[in-house]
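J.: Have a look at this one before I ask anything.
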Amino acid sequence: MRTPVSPAEIKNLGPAFWWVVAVASVFTLARFSEAFLILRAQSVGLPITLVPIVLVAMNVVYAVAAYPAGVMSDRMSRTAVLATGILVLVAADIVLALLPSLGGVALGVVLWGLHMGLTQGLLAALVADTAPAELRGTAYGFFNLLAGLAMLAASIIAGSLWDITGPQGTFLAGAGFALVALAGLLMVHRKIGSKAAALE
């Protein structure tokens, strides 16, 4: 009986694909659940009746930014757009960590939504760019499996940090993970960019 995935197929996915998966996993550690945005808003005094505004505002910014970001990714390097989005996430985390006020949280939420608009879907596009065409189904399977595990780990880590260090430590750790993801993305920019350019 043939195994669903053979070692040869895993090897044939190529180093560029595995770098994308590694960057995506670390980046997922940085973009933990949006529930922490709500907790941050409550910690600076936002009344519980107004809490839904946090997610509404974030999603409005996300929706407005998503289309222009998609156009940008079609016209320029996807890695450049993704790197910009990661930097915006770093800015959001720093604002949320160091500006403990309703205004600071509002700015952080707007930046968080902007980073989602700039990054959502781009990592999946990079999977298509870097994986062999005949193995894209396998590639997306690995990508989603590892991203799901990283999301679970992200929430556990963020929750533990919140209990130990409070909001500041949680968001600064998120900024740290984002910077590690950015460094990884820059390290493999040529490998990813060369494959993406061939398809653009």
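J.: Being part of a helix (DSSP H, G or I) and closer than 20 Å to Gly184 by Cα is true for just one of Thr49, Thr28. Which residue is that?
T.: Sole residue among the options that is part of a helix (DSSP H, G or I) and closer than 20 Å to Gly184 by Cα: Thr28.
J.: Would you say Leu29 is touching a Phe, Trp or Tyr at 6+ places or on another chain (Cβ under 6 Å) and in contact (Cβ under 8 Å) with a residue 12 or more places away in the chain?
T.: Spelling it out, Leu29 is indeed touching a Phe, Trp or Tyr at 6+ places or on another chain (Cβ under 6 Å) and in contact (Cβ under 8 Å) with a residue 12 or more places away in the chain.
J.: Yes or no: segment 55-69 includes at least one residue that is without any contact (Cβ under 8 Å) to a residue 40 or more places away in the chain, surrounded by 15 or more Cβ atoms within 10 Å (Cβ to Cβ) and in contact with a helix residue (DSSP H, G or I) (Cβ under 8 Å, 6 or more places away or on another chain).
T.: Checked segment 55-69: at least one residue is without any contact (Cβ under 8 Å) to a residue 40 or more places away in the chain, surrounded by 15 or more Cβ atoms within 10 Å (Cβ to Cβ) and in contact with a helix residue (DSSP H, G or I) (Cβ under 8 Å, 6 or more places away or on another chain).
J.: Which condition does Leu199 not pass, out of (1) at pLDDT 95 or above; (2) over 17 Å from Ser25 (Cα atoms), if it passes all the others?
T.: That leaves (1) as the condition not met.
Conditions (1) surrounded by fewer than 22 Cβ atoms within 10 Å (Cβ to Cβ); (2) under 20 Å from Ala35 (Cβ atoms), marked per residue:
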{"position": "Asp93", "(1), (2)": "no, yes"}
{"position": "Met116", "(1), (2)": "no, yes"}
{"position": "Leu122", "(1), (2)": "yes, no"}
{"position": "Ala125", "(1), (2)": "yes, no"}
{"position": "Ala131", "(1), (2)": "no, no"}
{"position": "Thr138", "(1), (2)": "yes, no"}
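J.: Something else: Picking from Val64, Val51, which residue would you name as being at pLDDT 90 or above and of a type outside the set (Phe, Trp, Tyr)?
T.: After ruling out the rest, the residue left standing is Val64.
J.: Of everything in segment 156-192, what is among the polar types (S, T, N, Q) and surrounded by fewer than 20 Cβ atoms within 10 Å (Cβ to Cβ)? Give them in sequence order.
T.: Ser160, Thr165, Gln168
J.: Do we find that Leu99 is without any contact (Cβ under 8 Å) to a residue 60 or more places away in the chain and out of contact with any Cys (no Cβ under 9 Å at 6 or more places or on another chain) in this structure?
T.: yes
J.: Where residues in segment 73-83 are surrounded by fewer than 17 Cβ atoms within 10 Å (Cβ to Cβ) and part of a helix (DSSP H, G or I), which of them is nearest to the chain's Cα centre (by Cα)?
T.: So, considering only residues that are surrounded by fewer than 17 Cβ atoms within 10 Å (Cβ to Cβ) and part of a helix (DSSP H, G or I), the one nearest to the chain's Cα centre (by Cα) is Ala80.
J.: Report yes if Ala153 is within 14 Å of Ala30 (Cβ to Cβ), at pLDDT 90 or above and crowded, with 18+ Cβ neighbours inside 10 Å, otherwise no.
T.: no
The values are calculated or read from the model by the stated rules, or taken from the named source; none is laboratory data. Just so it is clear, the structure is predicted and the values come from calculations on it, not from any experiment. Methodologically, a virtual Cβ is constructed for each residue, glycine included, from the backbone with ideal geometry; neighbour enumeration extends over all protein chains shown.
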